[in-house]
Amino acid sequence: LDSVFEQTNGRLIGIASAGNSAINACTVLPAGNDAVVAVAASDISDQLVTFSNFGECCDFVAPGKDVLGPVAGTLTTGGFFSGTSFSSPLLVGTYAVLSTQSSCGTRDVVCISEFVYNRSTKNVITGANLGQTRNALPYSLTEEQESSGLCSNTLSHRPFVFFEIINVFLLIYLMNAQ
């Protein structure tokens, strides 16, 4: 994995789920790799979910319990799913949206990561296993979306969830259409 990142000259962001074993994410791959941005899972109450891996290798915590998602084989039915595998796509969408909004350019992965972290909501996640987990909840509304008035502040620090779920549905639709 290290060689893949080295060969791309730092222009590739690896985002991975932290894992669902309630252990230190630094002990598992790919989450434990320094070149990977690892994502732990939270619930709607901003609690680190009990199954989520945790620790200093977790760079973000994103919703990963009862996340609305598409059901295979249909474009009209959704279901609720849990796991850090549902947290990581939310962060991927956040990176994609915010990489176009930063002054970093789309190739400077360190700058983009700092930009995403700086826009995240800090210290709202709680939970028994939080430990050394970086307490950052991603936030993907762009400044234009915030100032448009179309997005109310009623969702507090979680408005990115709606936009990323829409992005995931759209991506799956486009993949199935081909």
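Within segment 79-93, does at least one residue satisfy the condition of being without any contact (Cβ under 8 Å) to a residue 12 or more places away in the chain and open to solvent by 10 Å² or more (accessible area, probe 1.4 Å)? If you could, list the steps in order and put the result at the bottom.
Restricting attention to segment 79-93, the residues satisfying the condition of being without any contact (Cβ under 8 Å) to a residue 12 or more places away in the chain are 79.
Now restrict to residues that are open to solvent by 10 Å² or more (accessible area, probe 1.4 Å): 79.
Yes: one or more hits.
With respect to the numbered conditions (1) at pLDDT 90 or above; (2) surrounded by fewer than 24 Cβ atoms within 10 Å (Cβ to Cβ); (3) among the small types (Gly, Ala, Ser), which one is the sole condition not fulfilled by GLY14?
(1)
I'm trying to understand the selection: among the residues of segment 37-59, which are open to solvent by less than 10 Å² (accessible area, probe 1.4 Å) and more than 13 Å from PHE86 (Cα to Cα)?
Of everything in segment 37-59, those that are open to solvent by less than 10 Å² (accessible area, probe 1.4 Å) and more than 13 Å from PHE86 (Cα to Cα) turn out to be ASN53, GLY55, CYS58.
Name the pairs whose Cβ atoms lie under 8 Å apart, with the first residue in segment 32-58 and more than 13 Å from PRO138 (Cα to Cα) and assigned to a strand (DSSP E or B), the second aromatic (Phe, Trp, Tyr) and open to solvent by 20 Å² or more (accessible area, probe 1.4 Å), and 6 or more positions between them or separate chains?
LEU48/PHE54
Looking at VAL67, VAL71, can you tell me which residue is exposed (fewer than 15 other Cβ atoms within 10 Å of the Cβ) and more than 24 Å from ALA35 (Cβ to Cβ)?
Details: VAL67 fails: exposed (fewer than 15 other Cβ atoms within 10 Å of the Cβ).
Answer to the selection: VAL71.
Within segment 101-110, does at least one residue satisfy the condition of being among the basic types (Lys, Arg), free of Cβ contacts under 8 Å to residues at least 24 places away in the same chain and open to solvent by 30 Å² or more (accessible area, probe 1.4 Å)?
The answer is no; no qualifying residue exists.
The values are calculated or read from the model by the stated rules, or taken from the named source; none is laboratory data. This is a predicted model, so every value here is computed, not measured. Neighbour counts are summed over all protein chains in view; Cβ atoms, including those assigned to glycine, are modelled from backbone coordinates with ideal geometry. Please note that ligands, DNA and RNA were not included when accessible areas were found on the heavy atoms of the full protein model with its side chains. Shrake-Rupley method; radii C 1.70, N 1.55, O 1.52, S 1.80 Å.
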